[in-house]
Amino acid sequence: MSGADPELDRLLDERIRAVPDWPVPGVTFRDITPLLADPRGIPAVVSGLRSALAAAGVAGVDLVAGVEARGFVLGAPLAVALGVGFVPVRKEGKLPGDVHAESYDLEYGTATLEVQVGAFAAGHRVLLVDDVLATGGTAAAAAAVLRAAGADVAALAVLLELTALGGRDRLRGLPVAALRAL
């Protein structure tokens, strides 16, 4: 639990649904749609992520990069709150022009993430944002594609971390700020 903000803790408890066996048997999907639909949800999450990042000693980022699709929903308002720009990390084939790409394994298949060539200046400190850190495959691939594009990945910020799946172990020391560990 975030512990620092009782209202945020209450929202997370009440508005995040566990959906068993979706999208495939054995996977429990964490549905944040009810949280996003609550008018208090996004502001509370953004505030909570800012606090979690400060507690982790993460400051001074140049850009926020959000992983498709829920990382967009959380990352864009966080970028606004931090006073920096936002760059999408998209699924394969969704971006025009030249791209950097990184393929990876999911719990239920494989995928490729892309970011546009020229999205970052060399050495830009970039905060990576997604909704859930599970096995770490998506986060590791996103960090790799950002690095290939020239970014210095400062940290990963997530709403939920599924600790039993060991995702942090795949991130090679990348700081992680999570609002809730399950």
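The values are calculated or read from the model by the stated rules, or taken from the named source; none is laboratory data. Just so you know, these numbers come straight off a predicted model, no measurement behind them. For neighbour counting, all protein chains shown are included, and Cβ atoms are generated from backbone atoms with ideal geometry for every residue, glycine included.
Being out of contact with any Asp or Glu (no Cβ under 9 Å at 6 or more places or on another chain) and either within 14 Å of residue 129 (Cα to Cα) or among the charged types (D, E, K, R) (or both) is the filter here, so list the residues in segment 155-182 that pass it. Give the derivation first.
The first filter runs over segment 155-182 and keeps only residues out of contact with any Asp or Glu (no Cβ under 9 Å at 6 or more places or on another chain), leaving 155, 161-164, 166, 169-175, 177.
Matches in segment 155-182: 155, 161, 169, 170, 171, 172, 174, 175, 177.
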Tell me whether segment 19-30 contains one or more residues that are touching a helix residue (DSSP H, G or I) at 6+ places or on another chain (Cβ under 9 Å) and touching a residue at least 12 places away in the same chain (Cβ under 8 Å). no
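Is it the case that residue 80 is β-branched (Val, Ile, Thr) and either at pLDDT below 95 or closer than 24 Å to residue 35 by Cβ (or both)?
Values: β-branched (Val, Ile, Thr): yes; either at pLDDT below 95 or closer than 24 Å to residue 35 by Cβ (or both): yes.
The answer is yes for residue 80.
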Please go through segment 48-77 and pick out each residue that is more than 15 Å from the chain's Cα centre (by Cα) and part of a helix (DSSP H, G or I). 51, 54, 55
Can you name the number of the only condition in (1) crowded, with 21+ Cβ neighbours inside 10 Å; (2) within 21 Å of residue 180 (Cβ to Cβ); (3) out of contact with any Gly (no Cβ under 8 Å at 6 or more places or on another chain) that residue 50 fails? (1)
For residue 44, only one of the following conditions fails: (1) without any contact (Cβ under 8 Å) to a residue 60 or more places away in the chain; (2) part of a loop (DSSP other than H, G, I, E, B). What is its number? (2)
Strands (runs of 3 or more DSSP E) completely within segment 99-140 that count 1 or more residues being within 12 Å of the chain's Cα centre (by Cα) and surrounded by 17 or more Cβ atoms within 10 Å (Cβ to Cβ): 125-133
